[in-house]
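The values are calculated or read from the model by the stated rules, or taken from the named source; none is laboratory data. This one's a predicted model, so the numbers in the text were calculated from it and none came from an experiment. With ideal geometry, Cβ positions are generated from the backbone for all residues, glycine too; neighbour counts draw on all protein chains shown. Heads up: the accessible areas ignore ligands, DNA and RNA and are worked out on the full protein's heavy atoms, side chains in. Shrake-Rupley method; radii C 1.70, N 1.55, O 1.52, S 1.80 Å.
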Amino acid sequence: QDCDGLIVRSATKVTADVLEAAERLQVVGRAGTGVDNVDVEAATRKGVLVMNTPTGNSLSAAELTCGMILCLARQIPQAAASMKEGKWDRKKYMGMELNGKTLAVLGLGRIGREVATRMQAFGMKTIGYDPIITPEASAAFGVEQLPLEQIWPRCDFITVHTPLLPSTTGLLNDSTFAKCRRGVQVVNCARGGIVDEGALLRALQSGQCGGAALDVFTQEPPKDRDLVNHPNVICCPHLGASTREAQSRCGKEIAMQIVDMATGKGLAGVVNGQALSKAFAPQTKPWIALARALGMVLHAVGKQAQGSVQVCTLGPPLREAGSYLTPGVAAGMLARGAQKEVTLVNALLLAQEAGLKVTTTHSDVVPEPDGSTGLLQVALQGTPHRATGTVQGSTPVLREINAASFKQPVPLAGPVLIYRAKASEPSVLPMLTGLLGKVGVQLQFYHSSGTVAGEQWSVVGLSAPLSDLGELKPRVTEVFQLHL
């Protein structure tokens, strides 16, 4: 309950109940790749960051996969077991050479890539498929990418290296096995469920699949032993990351990642808060602060945290910024009325639940003088309410509220008082300075906008928030305070 961070390996289950009980928890670190044992949705809802060490066990998993391919080709485990039974059965364990055979690698990330390059050393032809890696990128490490329909009839061996997603569950099934060469060999050292276990057993029994090597299962440990006990199946109890080197590497990596996060050095291995990984870059921090501040201003002038908010980034420097500025705007819109802390991790989820739809657009065209830095504009669709700002140096500044422009950029930091009044009402500022003097609050800055429909917006920086705006309200059309 009093922990800020939690580090787990694969056996510990971080459930919604655990997350709810850990009131101070900010981060869950998984020393390993898969986060199946962490309720990521519940963590996201609570604003808890989930991170893993995606590179820590890549080599160990790749080496195990290569060992499995060799064992399938030469039936090494079965022959070793036969010897331990006192037999000398050379004819039964006739194998095949890997040289000249075709290996299909499904999933060409870190592990798939390492497997492909190692098996090329055995003379195997490597083909593959990955929806994210480009054919040009995979060609650079010797893998010819093909559509799945062309892969099935061409390969002698198939190895899978994808995450378990709805799109990859049952990737190898009755239909795909039927399209393969008779006797195809299958390896799964990734996640149980990518290969349909029922379909695999049927393919083994019919001879359509000549052998399978499994390190992972849909249920671990597997209760149904038919696959495990099949003579042409080699299996291990999920040993992909079980090397001294991988365990040490993953433990050190997750510890260092959490230290780097805590000290503000950076963020790596983020599973559920990709926006946060940008938040630690010096050049993006003020932009995220601006996004949050503009969200708070828009919520205050629009007086609602529902509907559709359009976030528009303007200028080439912000071309890729929508991914981290959009959660920032959402966090600002929700900040004042939220029951729980709103962070970049949970902002979009909480916005959706609150009935707030946030969309993002970008244009390279930006008015001067902000062409070199860019502009961020947020608008409440269907209303005249909008706010525009930019960053000067490392300071977020306001340029415009509801089409009323400020001649000088307005700093968006600390306690600020924002009010709208008739341009013909000059007594507001003297009355405000008198009020500040009475309560001992200093005026840090004052900016007023151009006149729109006979009214002006004014933004006043304060040394501390005012506890009572009663004296001011009769003189102005609207007034609100924000702590930015």
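Taking the Cα atoms of the stretch 277-410, the ratio Rg/Rh between the radius of gyration and the Kirkwood radius comes to 0.94. Only Cα sites of the chain enter the Debye sum here, all with the same form factor; the resulting log10 I(q)/I(0) across q = 0.06, 0.12 1/Å is -0.41, -1.06, listed in q order. Length gained on full extension, GLN283 to THR395: 39.2 nm, using 0.36 nm per residue less the C-alpha separation. A dipole drawn for the chain from +1 and -1 charges on Cβ atoms has a positive end, and of GLN444, VAL271, THR395 the residue lying farthest that way is VAL271. When only alpha carbons of the stretch 414-483 are considered, Rg and Dmax amount to 11.3, 34 Å. For the stretch 290-387, the list of trypsin sites (Lys or Arg not before Pro) that fall in a loop by DSSP and count at most 15 other C-beta atoms within 10 angstrom reads LYS303, ARG319, ARG336, LYS340.
Accessible area per residue for the chain in Å², computed with a 1.4 Å probe and the full protein assembly in place, what is it?
So the chain comes to 47 Å² accessible per residue, rounded to a whole number.
Helix 428-439 axis versus longest C-alpha principal axis of the chain: approximately 80°, rounded to the nearest ten.
Just the protein heavy atoms count here, and of the accessible area of the chain at 1.4 Å, carbon and sulfur take up 53 percent. With Cα atoms defining each centre, the stretch 162-208 and the stretch 40-64 are spaced 25 Å apart in the structure. A simple charge model with +1 on the Cβ of Lys and Arg, -1 on the Cβ of Asp and Glu and nothing else charged puts the dipole of the chain at about 540 debye relative to its Cα centre. About the centre of its Cα atoms, the stretch 277-410 shows a dipole size close to 280 debye [charges on the beta carbon of Lys, Arg (+1) and Asp, Glu (-1) only; nearest 20 debye].
Taking a ≥ b ≥ c as the square roots of the Cα gyration tensor eigenvalues, the stretch 36-170 comes out oblate, since a/c reaches at least 1.5 and a/b does not exceed b/c.
Counting Lys +1, Arg +1, Asp -1, Glu -1, what net charge surrounds GLY210 among other residues with beta carbon under 15 Å of its beta carbon? Result for the neighbourhood of GLY210: +4. For the stretch 181-226, taking Cα atoms only, Rg and Dmax work out to 10.3, 30 Å respectively. Estimated from the Cβ-Cβ distance and a Förster radius of 41 angstrom, the FRET efficiency linking SER10 and GLN381 is about 0.35.
When +1 charges are put on Lys and Arg Cβ atoms and -1 charges on Asp and Glu Cβ atoms, the dipole computed for the stretch 57-235 relative to its Cα centre reaches about 580 debye.
How much net charge surrounds GLN78 when only other residues with a Cβ under 15 Å from its Cβ are counted (Lys, Arg +1; Asp, Glu -1)?
+4
In loop segments of the stretch 312-407 as defined by DSSP, the GluC sites (Glu not before Pro) with at most 16 further C-beta atoms inside 10 Å of their C-beta are GLU320, GLU341.
Would you work out which of TYR129, SER175, ILE234 lies farthest towards the positive end of the dipole of the stretch 57-235? Charges go on Cβ: Lys and Arg +1, Asp and Glu -1. The Cα lying farthest towards the positive end belongs to ILE234.
On the basis of the beta-carbon distance and an R0 of 41 Å, SER82 and ARG244 show a calculated FRET efficiency of 0.85. Farthest toward the dipole's positive end in the chain, which of GLN283, ALA140, LEU484, given Cβ charges of +1 (Lys, Arg) and -1 (Asp, Glu) about the Cα centre? Going by the charge dipole, the pick is ALA140.
If you average the alpha carbon positions of the stretch 413-429 and of the stretch 80-156, how far apart do those two centres end up, in angstrom? So the two Cα centres are separated by 71 Å. Summing charges over all other residues whose Cβ lies under 12 Å from the Cβ of ASP156, with Lys and Arg as +1 and Asp and Glu as -1, gives +4. Spatial offset of the stretch 435-450 relative to the stretch 326-389 amounts to 28 Å, using the alpha carbon center of each. Beyond 27 Å in Cα-Cα separation lie the following of the pairs LYS285/LYS357; LYS303/LYS473; LYS46/LYS265; LYS278/LYS303: LYS278/LYS303.
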